[in-house]
Amino acid sequence: MGKYVIAGNWKMNKTPAEATALINEIKPLVADAKVDVIVGVPFIDLQAALDATKGTKIGVAAQNCHWEKSGAFTGEIAAEMLKEMGVGYVILGHSERRTYFGDTNESVQKRVRGALDAGLTVILCVGEYLEQREQGITGEIVATQVKVALGGVSAEELKRVIIAYEPVWAIGTGKTATAEQANEVCALIRDVVKGLYNEAAAKELTIQYGGSMNAKNAEELLAQSDVDGGLIGGAALKAPDFSTIVHAAKV
Ligand code: PEP
């Protein structure tokens, strides 16, 4: 994996047939991408995505996983299962999982553990709610999310972790963080990681910004010194827009 990574989070969109069609549309547009490209698709689309991306450099991500290898967890999917089918990445701790499905810093930590043990690369999402930003506690909230999620993760394992800073107020709202706001929190995350590990680990870490990134604002956001890529929701569902963002990323 390179340092700069653009990942699409398709959320609960696209059937398997639609996923194949969208990936087939994206493929030629990103064939010469200088950064790593990932599509994060619903569980039911994973096989179609793996088939459609075969022979390309596009990675495939799931949008969640359970920490246990197997057991009585109706409706859940184990990291091991994803790994066996050939999935390379998993998005964990997305704010929609935290807000609507009860994920906590502690459960995200367990999911990260399970995913790393299974050999997956994790895209760990962190970010503050609007009220928290207004209270001036963005730094504390994000630092805590990072510290808890990385509890027990070794420096070697950290090489398989991407952190996505996604202010919740910017997700799916059309309200993007300014480039300065994005960079400020990404820099803070890097500083937290430096404190937990060391300077080299912090420097090597890929930190993405996510939150209403689109074809128009991507270049400015991605030009920031501590922004190493993007996690893209809505705009990832339109091949030309996603491709524009991929090509806007610095290398
Ligand atoms: C996301 O779902 O991670 C996201 C950033 O969504 P959007 O780009 O639509 O705000």
Discussion item. In whole percent, and with a 1.4 Å probe on the protein chains, what portion of the accessible area of the range 5-248 is carbon and sulfur?
Written reply: 52 percent
Practice prompt. Would you mind finding the longest exposed-site-free stretch of the chain, with exposed chymotrypsin sites (Phe, Trp or Tyr not before Pro) meaning DSSP loop and at most 12 other Cβ atoms within 10 Å?
Written response: 102-251
Worksheet entry | Per-bin percent of Cα-Cα distances, the range 1-129 [5 Å] | 2, 11, 21, 23, 21, 13, 7, 2, 0
Practice prompt. Using a 1.4 angstrom probe, figure out how much accessible area the range 5-248 has per residue, in square angstrom, rounded to the nearest whole.
Written response: 43 Å²
Worksheet entry | FRET efficiency, Glu184 to Asp117 (Cβ-Cβ, R0 35 Å, nearest 0.05) | 0.60
Practice prompt. Just round it to a whole percent: the fraction of Cα-Cα distances in the range 5-248 exceeding 23 Å.
Written response: 45 percent
Worksheet item: Mind listing the phi-derived Karplus ³J(HN,Hα) values for the range 18-25, rounded to whole Hz, using 6.51, -1.76 and 1.60 with θ = phi - 60°, and x for any glycine or proline?
Response: 5, 5, 4, 5, 5, 5, 4, 6
Discussion item. Over 18 Å between Cα atoms: which of Lys34/Lys57; Lys27/Lys250; Lys83/Lys194 fall into that group?
Written reply: Lys27/Lys250; Lys83/Lys194
Worksheet item: Assuming R0 = 30 Å, what is the FRET efficiency of Glu131 and Asn198, from their Cβ-Cβ distance, to the nearest 0.05?
Response: 0.30
Response to the item:
For the range 60-67, in residue order, the Karplus 3J(HN,Hα) values (coefficients 6.51, -1.76, 1.60; θ = phi - 60°; whole Hz; Gly and Pro = x) are 10, 10, 8, 9, 5, 7, 8, 8
Item to complete: List the residues whose amide H sits under 5 Å from the amide H of Gly40, counting only those 5 or more places along or on another chain, with H placed 1.01 Å from N in the peptide plane.
Response: Gly8, Asn9, Trp10, Ala61
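The values are calculated or read from the model by the stated rules, or taken from the named source; none is laboratory data. Every value quoted in this text rests on a predicted model; they were computed, and no experiment measured them. Virtual Cβ from ideal backbone geometry, glycine too; neighbours counted across all protein chains shown. Surface accessibility is based on the protein's heavy atoms, side chains included, excluding ligands, DNA and RNA. Shrake-Rupley method; radii C 1.70, N 1.55, O 1.52, S 1.80 Å.
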